[in-house]
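The values are calculated or read from the model by the stated rules, or taken from the named source; none is laboratory data. Everything numeric in this text was worked out from a predicted model, so none of it was measured. Virtual Cβ from ideal backbone geometry, glycine too; neighbours counted across all protein chains shown. Calculation scope for accessible area: heavy atoms of the full protein, side chains included, ligands and nucleic acids excluded. Shrake-Rupley method; radii C 1.70, N 1.55, O 1.52, S 1.80 Å.
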Amino acid sequence: MGYPIPDVPHPLPLEQRKQKVVAVARWDAVRTKRPDLLMQVAERLVGRTNTVAFEIIGNLSDKMRIWHDRLPAKLKSRIVLAGVQPSKKVTEALGESMILYCTSAFEGMPLPVAEALCCGCTVVGLSTDDVPELAWAFHDGDGTPVHNDSIEEHVVALLGEIEMWQMGKRKPLESAKKWSLWFSANSYAKRLVSRVS
């Protein structure tokens, strides 16, 4: 079913997107959201590039803050711990970024994935039917799946997806329009009515 997602005001076109990966979650849900994986992947990804930034949005644990404080300065400047943000700020971050990174190995329907798709982001995460919105995005070619759940494979998938953006193979405005239609309140209501009637 998904969720009804509010209309996103003006996601940015390809040429205005920042080389940025965003991760949004309740990071205290350790078993589902896997913040340890997030920290290791973010550190390795930023360490292998000179321009990519990584923004982490959501409630942060002390462990995450300590990890961030101990990062080398050249990495720390490109990994932002934004903490809990209002919906408008989250949407703005997604609308200017390239990728939403989802660390979940299983979850009913992670709302940030749907929001990111409606903002024109592509997604990277585990290839599994246990995270339906990721599976839908991968099926439609709007992201890169991770087939082997290792830190290295997550990093490789993110690097591959960044390369797709750099080669001009992602069309964020077209993608945002498609997913916004799918997740619109009207479309959601029609699916809901069809299921119960």
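Checking each residue of segment 101-108 against the condition of being modelled with pLDDT of 95 or more and either open to solvent by 70 Å² or more (accessible area, probe 1.4 Å) or out of contact with any Pro (no Cβ under 9 Å at 6 or more places or on another chain) (or both) gives at least one match.
Every test in (1) of a type in the set (D, E, K, R); (2) under 17 Å from Lys20 (Cβ atoms); (3) surrounded by 18 or more Cβ atoms within 10 Å (Cβ to Cβ) is passed by Glu163 save one, and that test is (3). Evaluating Pro86 against the criteria (1) open to solvent by 70 Å² or more (accessible area, probe 1.4 Å); (2) closer than 30 Å to Gly141 by Cβ leaves one unmet condition, (2). Among the residues that make up segment 155-166, is at least one of them in contact (Cβ under 8 Å) with a residue 40 or more places away in the chain, in a helix (DSSP H, G or I), touching a Ser or Thr at 6+ places or on another chain (Cβ under 8 Å) and within 16 Å of Pro11 (Cβ to Cβ)? Checked segment 155-166: at least one residue is in contact (Cβ under 8 Å) with a residue 40 or more places away in the chain, in a helix (DSSP H, G or I), touching a Ser or Thr at 6+ places or on another chain (Cβ under 8 Å) and within 16 Å of Pro11 (Cβ to Cβ).
Looking at the structure I just gave you, is Glu153 out of contact with any strand residue (DSSP E or B) (no Cβ under 6 Å at 6 or more places or on another chain) and open to solvent by 30 Å² or more (accessible area, probe 1.4 Å)? So Glu153 fails the test. Within segment 75-89, residues that are at positive phi have Cβ atoms under 9 Å from residues that are surrounded by 13 or more Cβ atoms within 10 Å (Cβ to Cβ) and not in a loop (DSSP other than H, G, I, E, B) in these pairs: Gly83/Ile56; Gly83/Ile57, counting only partners at least 6 apart in sequence or on another chain. The numbered conditions (1) at pLDDT below 95; (2) under 26 Å from Arg17 (Cα atoms); (3) among the small types (Gly, Ala, Ser); (4) touching a helix residue (DSSP H, G or I) at 6+ places or on another chain (Cβ under 7 Å) are all true for Gly143 except (1).
Condition check ((1) within 15 Å of the chain's Cα centre (by Cα); (2) on the phi > 0 side of the Ramachandran plot; (3) acidic (Asp, Glu)) across all residues:
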site: Asp142; (1), (2), (3): yes, no, yes
site: Ser150; (1), (2), (3): no, no, no
site: His154; (1), (2), (3): yes, no, no
site: Ala157; (1), (2), (3): yes, no, no
site: Glu161; (1), (2), (3): yes, no, yes
site: Met164; (1), (2), (3): no, no, no
site: Met167; (1), (2), (3): no, no, no
site: Leu173; (1), (2), (3): no, no, no
site: Ser180; (1), (2), (3): no, no, no
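Count of segment 16-36 residues, restricted to those that are of a type in the set (D, E, K, R) and assigned to a strand (DSSP E or B), is 1. If you go through segment 16-28 and keep only what is surrounded by fewer than 19 Cβ atoms within 10 Å (Cβ to Cβ) and either modelled with pLDDT under 95 or not charged (D, E, K, R) (or both), you end up with Gln16, Gln19, Arg26, Asp28. The sole residue among Leu181, Leu159, Leu192, Leu117 that is out of contact with any Phe, Trp or Tyr (no Cβ under 9 Å at 6 or more places or on another chain) and modelled with pLDDT of 90 or more is Leu159. Listed by position, the helices (runs of 4 or more DSSP H) enclosed by segment 41-139 that each have at least 3 residues that are not basic (Lys, Arg) are 62-69, 87-96, 111-118, 132-139.
In segment 54-76, of all residues being open to solvent by 70 Å² or more (accessible area, probe 1.4 Å) and out of contact with any helix residue (DSSP H, G or I) (no Cβ under 9 Å at 6 or more places or on another chain), the one that is farthest from Ala23 (Cα to Cα) corresponds to Ala73. Taking the conditions exactly as written (among the small types (Gly, Ala, Ser), open to solvent by 10 Å² or more (accessible area, probe 1.4 Å) and touching a residue at least 60 places away in the same chain (Cβ under 8 Å)), does Ala114 satisfy them or not? Taking the combined requirement at face value, the residue does not satisfy it.
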